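Read the figures in this text as sums done on the coordinates, not as results from a lab. Computed from a predicted model, the values in this text were never measured in an experiment. Every residue, glycine among them, receives a Cβ derived from its backbone with ideal geometry; neighbour counts consider all protein chains shown.
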Amino acid sequence: MNSILIKDTTREEREKIVADSLGITSGSCDGCMSGLAEMYQDYIDGKKEIREINMAFQAHYESGEDVPEGKMRPC
């Protein structure tokens with residue numbers, strides 16, 4: 001498998017990585033995954049690695065704390 005790091009991918013490749021990993025295929029998505037796909041927008045935009053996004057989500061899920069949108073809790 002090739003690297004999925006931001007430095008090793010283009011924006012188009014990152015969009016495909018997210019879509020493929022969420023099972024989104026053109027023409028068959030009815031919008032049910034849009035909220036989940038939005039979670040990875042910072043990765044697509046080249047701002048945060050997938051690992052960082054997943055760690056922040058997991059930390060929020062485990063703690064149950066409400067974190068303001070766009071703010072990551074320090075690990």
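Of note:
- Subtracting the Cα-Cα distance of Leu5 and Asp20 from 0.36 nm times their residue separation leaves 3.8 nm of extension gain.
- Label-point separation in nm, Glu13 to Gln58, each point 7 Å along Cα→Cβ: 2.4
- Between Met39 and Arg51, the simple spin-label model (points 7 angstrom out along Cα→Cβ) gives 1.9 nm.
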